[in-house]
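The values are calculated or read from the model by the stated rules, or taken from the named source; none is laboratory data. A quick note: this is a predicted structure, and the numbers were derived from the prediction, not measured. Here the Cβ positions follow ideal geometry from the backbone for every residue, glycine too, while neighbour counts run over all protein chains shown. Note: accessible area is taken over every heavy atom of the protein model, side chains too, but ligands, DNA and RNA are not part of it. Shrake-Rupley method; radii C 1.70, N 1.55, O 1.52, S 1.80 Å.
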Amino acid sequence: LRPASGSRQQDAPGAADGLALASDPGGTLNFLAMVENLQGDSGRGYYLEMLIGTPPQALNILVDTGSSNFAVAGVPDPDVTTYFNPELSSTYRSEGIEVTVKYSQGSWTGVLGTDVITMPKGLYGSYTINIATILESENFFLPGVKWHGILGLAYDALAKPSSSVETFFDSLVRQAKIPNIFSLQMCGAGLPVSGSGTNGGSLVLGGVEPSLYTGEVWYTPITEEWYYQVEILKLEVGGQNLDLDCREYNADKAIVDSGTTLLRLPEKVFSAVVQAIARTSLIQEFSSGFWTGSQLACWDRTEKPWSLFPKLSIYLRDENSSRSFRISVLPQLYIQPILVIGDNLQCYRFGISSSTNALVIGATVMEGFYVIFDRAQRRVGFAVSPCAEVDGSPVSEIEGPFTTADVASNCVASVSFHEPALWIASYALMSLCGIILLVLIVLLLIPPRCQHRYTDNDVVNDESSLVRHRWK
């Protein structure tokens, strides 16, 4: 692995044959053993090596804090280099339950089962985990990806086909008896997106590794435990407040999601950000296709266009609700190198896009920070990552505290339905209740001889109206 901060990783004391163990049999966690256990980039995701089954089959697993199923390719696929064959594992047990998961891009269908896993640079020991073997997929495995499955680290509320499926991390907390907290560092700042090489990163299971951050850790509450949903108070571009109603930033949710490549903004917020960047940048005329992601912008390789663009700041509510703090990303994080043309041109993409249903703090922002998912205390922490540097200069900042006197006391709707389908279902159920009540009143008023004798054929099964999938 390429070192994240220029230093060479050392194996844990007592690790045999260079295999870094994150805890010893006595249960003492060694977080240094997990440093730089990830590879990948913001364009194709960061992944962890995992050994699955008996004898072990090695697969790379995408780290995704925006979903909750652990799933691996279970049949050959033209876009994956290897897959898990459950027939070759003596410890695999099929549950025989079909499961489908849909994401904002792509979907898969597979079968639930259980098997043992170990992590060469994770926790010591083997653990029995729920695992879905993917049998069919659409736009999930993409050309060039170097991972073969997905590790959903969100809450069980998002697990499919139901929240009764114990998640990967919940299984680790229960079996390994580790603290209910993990942390994530992704080191791709300023490096080519989807380049020929891979960047480093760290997934620390069970705690926080001090060498992976500098300065102070700032925490914001998790407002709801499904995604890692947080409350955003305002956005600034070049130090200028967008002056939008703070509820616009949280429509209909604001989440921290390592499985999303870009910083995604609700449409109204996205338009305001693009206008502000265009207004404050030093570029007078710029193609609209660059902002929408359909075109790249290219400069001579000797030029660095980042000086032409402003800083972007996101304000999050502090644990003390009367205070806030801001995380800022410099243009080196959201103006992303992606392609070299000939000998002279370097092309870049805009690392921000619009979203119809969420503000998503994805890899574009997360690459600037060490992010702590403290499930035990229901909070997400941010600290400056030492690997978030370009040409020796930091490209991310955290500042605070600031007063929240200028924003609403609650920027998240107190009653929120997470999907439009839930609104429809709620109205349908209310209408059904009203009809039933009306029928009962009529039946009470009608003489007994006119009452209808119900049979089994009159029973309506409304199971098909249940919302089975939440879109990420």
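Things worth noting here:
- The set of residues in region 294-305 being of a type outside the set (Gly, Ala, Ser) and either open to solvent by less than 20 Å² (accessible area, probe 1.4 Å) or on the phi > 0 side of the Ramachandran plot (or both) consists of Pro305 alone.
- Qualifying positions in region 91-133 - open to solvent by less than 40 Å² (accessible area, probe 1.4 Å), touching a residue at least 40 places away in the same chain (Cβ under 8 Å) and outside any strand (DSSP E or B): Tyr103, Met119, Pro120, Gly122, Leu123, Gly125
- Applying the criterion of being among the polar types (S, T, N, Q) and under 18 Å from the mean Cα position of the chain (by Cα) to the residues of region 164-193, the residue that is nearest to Tyr227 (Cα to Cα) is Thr167.
- Some residue of region 315-333 being over 30 Å from Pro221 (Cβ atoms), in a strand (DSSP E or B) and in contact (Cβ under 8 Å) with a residue 12 or more places away in the chain: no
Table: residues versus (1) surrounded by fewer than 19 Cβ atoms within 10 Å (Cβ to Cβ); (2) at pLDDT 95 or above.
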| site | (1), (2) |
| --- | --- |
| Leu345 | yes, no |
| Tyr348 | no, no |
| Asn357 | yes, no |
| Met366 | no, yes |
| Val371 | no, yes |
| Asp374 | no, yes |
| Gly381 | no, yes |
| Cys387 | no, no |
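- Residue among Ala159, Ala176, Ala189 that is open to solvent by less than 40 Å² (accessible area, probe 1.4 Å) and closer than 17 Å to Leu29 by Cα: Ala176
- Whether a residue is touching a residue at least 40 places away in the same chain (Cβ under 8 Å), on the phi < 0 side of the Ramachandran plot, open to solvent by 30 Å² or more (accessible area, probe 1.4 Å) and outside any loop (DSSP other than H, G, I, E, B) was assessed, and Thr82 does not pass this test.
- Residue list for region 39-67, filter: open to solvent by less than 40 Å² (accessible area, probe 1.4 Å), farther than 19 Å from Thr118 by Cα and assigned to a loop (DSSP other than H, G, I, E, B): Ser42, Gly43, Thr65, Gly66, Ser67
- Exclusive hit being open to solvent by less than 40 Å² (accessible area, probe 1.4 Å), at pLDDT 95 or above, of a type in the set (A, V, I, L, M, F, W, C) and in contact with a helix residue (DSSP H, G or I) (Cβ under 8 Å, 6 or more places away or on another chain), set Ile232, Ile255: Ile232
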